[in-house]
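The structure appears below as structure tokens.
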Amino acid sequence: MRGDGRIFKRGEIWWMSIYVDGREQRESTKSNDEDKARKTLRSKLKEVHAHELDPTKPFLTQRHRKRSIADLLDALKSDFEIRGIASKQNLSNIKRTRADFGMVRATALSPEVVDQYVEERLADGDAKASINRVLQLLKQAYTLAEFPAPKIRRLDESDNVRRGFFSEAEIRRVIAHLPGELADFTLFAWTTGMRKGEIGSLRWEDVDGGSPRTELLG
């Protein structure tokens with residue numbers, strides 16, 4: 001019966017065939033013992049039935065279980081490129097996330113591992129905002145892949161408030177002592193409130209020549 005699945009041999013190893021959402025899935029039982037193979041099949045069928053009763057519980061094939069977080073991030077990067085949001089900043093954050101978590105198997109990531117990562121970065125003096133960008137991308141990667149994600153907490157950034165703003169007279173005095181290219185950069189930052197990384201990623205096509213801010217800088 002289709003709903004009961006079946007086992008069959010490939011060489012010396014028993015394989016199983018099951019149906020999930022109307023599609024056949026074939027996986028190795030990794031055993032040459034028929035009784036053990038049937039036991040593996042029964043266990044897998046329980047996962048299928050749980051998924052059928054509650055479709056929000058994903059069914060993971062062997063192929064899915066082998067996927068690393070790097071695989072999920074590659075898919076996320078492609079999604080960003082398709083949607084036109086693969087900015088320099090986003091790609092840089094994906095690169096950092098891959099460096100920190102890429103080698104971890106997606107099914108192996110636990111809340112404890114994430115919390116330890118956060119604690120280590122905080123101990124190194126890293127900004128909460130920078131840590132949150134990595135955590136955010138992790139969540140997005142799991143969501144896009146429709147993969148069950150561990151609990152990933154976000155840090156409170158309410159204390160990340162910019163202080164000590166310069167008046168125009170003060171910033172003009174600073175600019176007077178800077179080389180021309182830095183003077184323009186600094187004035188632009190003061191006028192727009194943008195961060196250094198945001199300004200550095202701008203291209204000419206991002207500039208609106210008729211905007212009030214552009215006229216001010218001119």
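Any read-out appearing in this document is the output of simple, stated calculations on the displayed coordinates, not a laboratory observation. Everything numeric in this text was worked out from a predicted model, so none of it was measured. Positions of Cβ are backbone-derived with ideal geometry, glycine not excepted, and every protein chain shown enters the neighbour counts.
Looking at segment 97-191, which chymotrypsin sites (Phe, Trp or Tyr not before Pro) are in a loop (DSSP not H, G, I, E or B) and have at most 11 other Cβ atoms within 10 Å?
Sparse-neighbourhood loop chymotrypsin sites (Phe, Trp or Tyr not before Pro): Phe165.
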Report summary line: Listed by chain and number, the residues whose amide H is under 5 Å from that of Val20, excluding neighbours fewer than 5 places away on the same chain and using placed H, are Gln25
Requested in this report: Set the Förster radius R0 to 22 Å, insert the Cβ-Cβ distance between Asn93 and Thr191 as r into 1/(1 + (r/R0)^6), and round the FRET efficiency to 0.05.
Outcome: 0.25
Query raised in the report: Can you give the Rg and Dmax of segment 1-157 based on its C-alpha atoms, in angstrom?
Result: 19.4, 60
Query raised in the report: Are there GluC sites (Glu not before Pro) in segment 100-147 that DSSP puts in a loop and that have at most 16 other Cβ atoms within 10 Å, and which ones?
Result: Glu146
Report task. Kindly write out, for segment 101-107 in residue order, the coupling ³J(HN,Hα) from the Karplus curve 6.51 cos²θ - 1.76 cosθ + 1.60 (θ = phi - 60°), rounded to whole Hz, with x marking Gly and Pro. Result -> 10, x, 7, 7, 5, 4, 6
